[in-house]
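In what follows, a single structure is set out as structure tokens and then discussed.
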Amino acid sequence: GDSVTQMEGPVTLSEEAFLTINCTYTATGYPSLFWYVQYPGEGLQLLLKATKADDKGSNKGFEATYRKETTSFHLEKGSVQVSDSAVYFCALSVMNSGGYQKVTFGTGTKLQVIP
Amino acid sequence: DTGVSQDPRHKITKRGQNVTFRCDPISEHNRLYWYRQTLGQGPEFLTYFQNEAQLEKSRLLSDRFSAERPKGSFSTLEIQRTEQGDSAMYLCASSSQPGQTKYSNQPQHFGDGTRLSIL
């Protein structure tokens, strides 16, 4: 079955440090890939997406590139801020035969940025 | 676009009671999803609606759980005879109709969830 594996957290960084959160996946079919962010007490917000190999998703200084050869979608940011502290979820979406998007999430990586 | 809204935000109830949650999706979205999220985990799929039709149910959805979307707009999720293990965050998401190509998986937009605590 489909699965997403993320690096375990928590990840603690100083402000302005470089961030990488690793994500690898296994999927039947041709998945779309997503990063979602969840702030305390809130639902998930879409951060960025990529729908085909070599696509780069980017938003708010975050980037991730769809690497089919390594089945990876690592999240990066050049300079993190305290406000980036949250839980980050990698996810894949595959359209099944019934036309429904089956989304599989990773377990999440908690990021804490210290001033 | 007012986003996906869920009500209530928090629900505390005694074991054995019935609870009902409501989800209002983004108005132009015809697809609606329910997920359950426990502490330290990602969301797990429960069920999916396309318009008013419930097209997919997870094995996680026991017979104590029922979901409806009667007019293809808002949806309700009911849990009967709640158990301790039902304590979780229940998330609703919606998405628009995907395009015609196999690459156009539309992202799901999530509400803030209903946190259920069973005493």
Cα extents of chain B per principal axis, largest first, Å, are 47, 30, 27
How far is it, in nm, from the label point at B:LYS71 to the one at A:ASP2 when both lie 7 Å from their Cα along the line to the Cβ?
3.2 nm
Amide H contacts under 5 Å for A:CYS23, restricted to residues at least 5 apart in sequence or on another chain and with H modeled in the peptide plane, are A:PHE73, A:HIS74, A:LEU75
How much area per residue is accessible in chain A when the probe is 1.4 Å and only protein heavy atoms are counted (Å²)?
46 Å²
Formal net charge of residues neighbouring A:TYR100 (Cβ-Cβ distance under 9 Å; K, R +1; D, E -1)
+1
Taking only Cα atoms and a 10 Å spring cutoff, compute GNM fluctuations for chain B and point out the largest among B:ARG59, B:ARG31, B:ARG22.
B:ARG59
Can you order the peptides A:1-12, A:86-97, A:70-81 by their average number of other Cβ atoms within 10 Å per residue, highest first?
A:86-97, A:70-81, A:1-12
At a probe radius of 1.4 Å, figure out the B/A buried accessible area, summed over both chains, and give it in Å² to the nearest 100.
2000 Å²
Sites B:ASN30 and B:LEU119, calculated FRET efficiency, Cβ-Cβ separation with R0 41 Å, nearest 0.05:
0.65
Sulfur and carbon atoms: percent of accessible area, the protein assembly as shown [1.4 Å]
46 percent
Here, A:SER79 and A:THR26, labelled 7 Å along Cα→Cβ, have an inter-label distance in nm of 4.1 nm
Picking from B:TYR48, A:LEU75, B:PHE110, whose Cα lies most toward the positive end of the charge dipole for the protein assembly as shown (charges on Cβ: Lys, Arg +1; Asp, Glu -1)?
B:TYR48
Within-9-Å neighbourhood charge of B:ASP7 [Cβ basis; K, R +1; D, E -1]
+1
Take the Cβ-Cβ distance between A:GLU15 and B:SER58 as r, set R0 to 41 Å, and report the resulting FRET efficiency rounded to the nearest 0.05.
0.50
Distance check, please: which entries in A:LYS49/B:LYS57; B:LYS14/B:LYS71; A:LYS49/A:LYS110 exceed 23 angstrom between their Cα atoms?
A:LYS49/B:LYS57; B:LYS14/B:LYS71
Just need the relative contact order of the range A:1-98 here, percent rounded to a whole number, with Cα pairs under 8 Å and 6+ apart.
35 percent
Compute the Kirkwood hydrodynamic radius of the protein assembly as shown, taking the inverse of the mean of 1/r over all pairs of distinct Cα atoms, and give it in Å to one decimal.
18.3 Å
Modelled FRET efficiency - R0 41 Å, B:ARG22 with A:ALA53, Cβ distances, 0.05 increments:
0.55
Estimated dipole of the protein assembly as shown in Debye, rounded to 20 [Cβ of Lys and Arg +1, of Asp and Glu -1, Cα centre]:
520 debye
A:SER79 neighbourhood, Cβ < 14 Å, K/R = +1, D/E = -1, net charge -3
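The values are calculated or read from the model by the stated rules, or taken from the named source; none is laboratory data. This is a predicted model, so every value here is computed, not measured. Neighbour counts are summed over all protein chains in view; Cβ atoms, including those assigned to glycine, are modelled from backbone coordinates with ideal geometry. The accessibility values were calculated without ligands, DNA or RNA, using every heavy atom of the protein model including side chains. Shrake-Rupley method; radii C 1.70, N 1.55, O 1.52, S 1.80 Å.
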